[in-house]
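Structure record follows, encoded as structure tokens.
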Amino acid sequence: MPSQTELADALGLTKQRVSVLVKKGMPTSSVDAAVAWRQSQEDARVRKAPMAAPAQLDDGTLSDTIAEHRTLVGRARGVWLAAMETGDPNQGKYQTAYNQSLKTLVALEEEQERRLILAKEYISSKEATEAMRRLAGEVVNRLDKLALDVAEACNPENPAKAVKAIEAWVRKTKEDLSKDDEE
């Protein structure tokens, strides 16, 4: 049976590290047994590790990742809050994990928004304002033409009377809309 110093030399570790590993269950019966144990621990760690995100996230994968991450952020927050309530000495670590998870979620959402903007699914406020001005201009032009376009159909016997009534309604409507803009 090798000593801890011999195990440390054979494994390329310090004697202190070997001592810690022995306390965690590393066998000391042989160097091969210690190497096998360390490999099994590494394999278990890799199996438990979260899967890395695909190198290239398409928009669908990104949406799925964001949804999954929202769940993870909720869990991390729950663990942290429970740790605070119970006075767990690791609450600082849980808070850090929560903060990092939240930061990642925000970054993912910003990336999604950036992609939507690049795909022109969002428009700038300048473009939206200009579009609304054009639309409002078209509505006003149609209101101005309304009386002449429909007067005869409204009152075939006296279209002039209909023109006056419709023009009065248009004028009142414009005034009302102007008041709404000022408020």
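The values are calculated or read from the model by the stated rules, or taken from the named source; none is laboratory data. Keep in mind it's a predicted model, so treat the numbers as computed, not measured. Reconstructed Cβ throughout: ideal geometry from the backbone, glycine too, with neighbour counts over all protein chains shown.
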### Task
Please state which of the following conditions T104 fails to meet, knowing it meets all the rest: (1) over 30 Å from L116 (Cα atoms); (2) at pLDDT 90 or above.
(1)
#### Entry: Flag if A107 is surrounded by fewer than 12 Cβ atoms within 10 Å (Cβ to Cβ), under 30 Å from E68 (Cα atoms) and in contact with an Asp or Glu (Cβ under 9 Å, 6 or more places away or on another chain)
no
### Query
So which residues in segment 1-17 are among the hydrophobic types (A, V, I, L, M, F, W, C), closer than 15 Å to D32 by Cβ and surrounded by 14 or more Cβ atoms within 10 Å (Cβ to Cβ)?
L7, A10, L11
### Summary
The lone condition T173 fails out of (1) surrounded by 10 or more Cβ atoms within 10 Å (Cβ to Cβ); (2) under 30 Å from S63 (Cβ atoms); (3) hydroxyl-bearing (S, T, Y) is (2)
### Query
Does segment 144-169 hold any residues that are outside any helix (DSSP H, G or I) and either among the polar types (S, T, N, Q) or surrounded by 11 or more Cβ atoms within 10 Å (Cβ to Cβ) (or both), and which are they?
N155, N158
### Query
What tally of residues in segment 18-51 results from selecting those that are small (G, A, S), surrounded by 14 or more Cβ atoms within 10 Å (Cβ to Cβ) and not in a helix (DSSP H, G or I)?
0
#### Entry: From the options E121, E68, residue that is under 21 Å from the mean Cα position of the chain (by Cα), modelled with pLDDT of 90 or more and charged (D, E, K, R)
E68
### Task
Hey, can you tell me all the residues within segment 114-143 that are loosely packed, with under 12 Cβ neighbours inside 10 Å and among the charged types (D, E, K, R)?
R114, K120, E121, K126, E127, R133, R134, E138, R142
### Task
Give me the pairs, please: first residue somewhere in segment 119-143 and assigned by TED's automatic domain parsing to the domain that holds V163, second residue anywhere and of a type in the set (K, R) and at pLDDT below 90, beta-carbon distance under 8 Å, and either six or more positions apart or on two chains.
V140/K174; L143/K174
